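Worksheet: one structure, shown below.
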């Protein structure tokens, strides 16, 4: 893959909320996990704790924890991206808790989303959820903070995706004076 092909994947990625039934092949799931594993982290402390949810009852519980986002129950699986707070705070103290572990999980999440797109797997980053409920569903210990959920599944190609306009570069790029 060259840089233009990578940019095409970045630009074609969309939040997919409509899925058809079917299972994501195990080898692709393993590659998605590997993509998360290789996300950059502050101090290489690697705070990611990744929980794979495939059970229908647990997915439905996540729907409730996410305020009724039904697609979480309809996708093939959900990756719950947790941050192991002590791994980052041990070196970076409060800034590790407040910022670095969140950045680390965000980077891992983006890796998963982009690799999923390269396999034509639908994905949706979910940040709106009750952390305590998700922790309970996933049986997370207190030091693991659920930070992001990623819905993953086979895209329902009968549903049209909408182009989302982007701001012009000149609106957000600020050059050094």
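Read-outs: derived from the displayed coordinates by stated rules, not from any lab. The model shown is predicted, which means the values in this text are computed figures rather than measured ones. For neighbour counting, all protein chains shown are included, and Cβ atoms are generated from backbone atoms with ideal geometry for every residue, glycine included.
So the values come out like this:
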{"item": "Ranking of 174, 143 by count of other Cβ atoms within 10 Å, fewest first", "result": "174, 143"}
{"item": "Length added when fully stretched, residue 130-residue 174, from 0.36 nm per residue minus Cα-Cα", "result": "12.2 nm"}
{"item": "Residue 162-residue 23 FRET efficiency (beta carbon distance; Förster radius 30 Å; 0.05 resolution)", "result": "0.65"}
{"item": "Inter-probe distance in nm under a simple model that places probes 7 Å from Cα toward Cβ, at residue 52 and residue 8", "result": "2.9"}
{"item": "For the range 1-26 versus the range 88-158, the gap between their alpha-carbon centres in whole angstrom", "result": "17"}
{"item": "Spin-label model distance (nm) - residue 103 vs residue 119, 7 Å beyond Cα toward Cβ", "result": "2.9"}
{"item": "Computed E for residue 60/residue 94 - FRET, C-beta separation, R0 25 angstrom, nearest 0.05", "result": "0.10"}
{"item": "Taking 89, 3 and counting other C-beta atoms within 10 Å, the order from fewest to most", "result": "3, 89"}
{"item": "Ascending count of other beta-carbon atoms within 10 Å, so fewest first, for 19, 119, 92", "result": "119, 92, 19"}
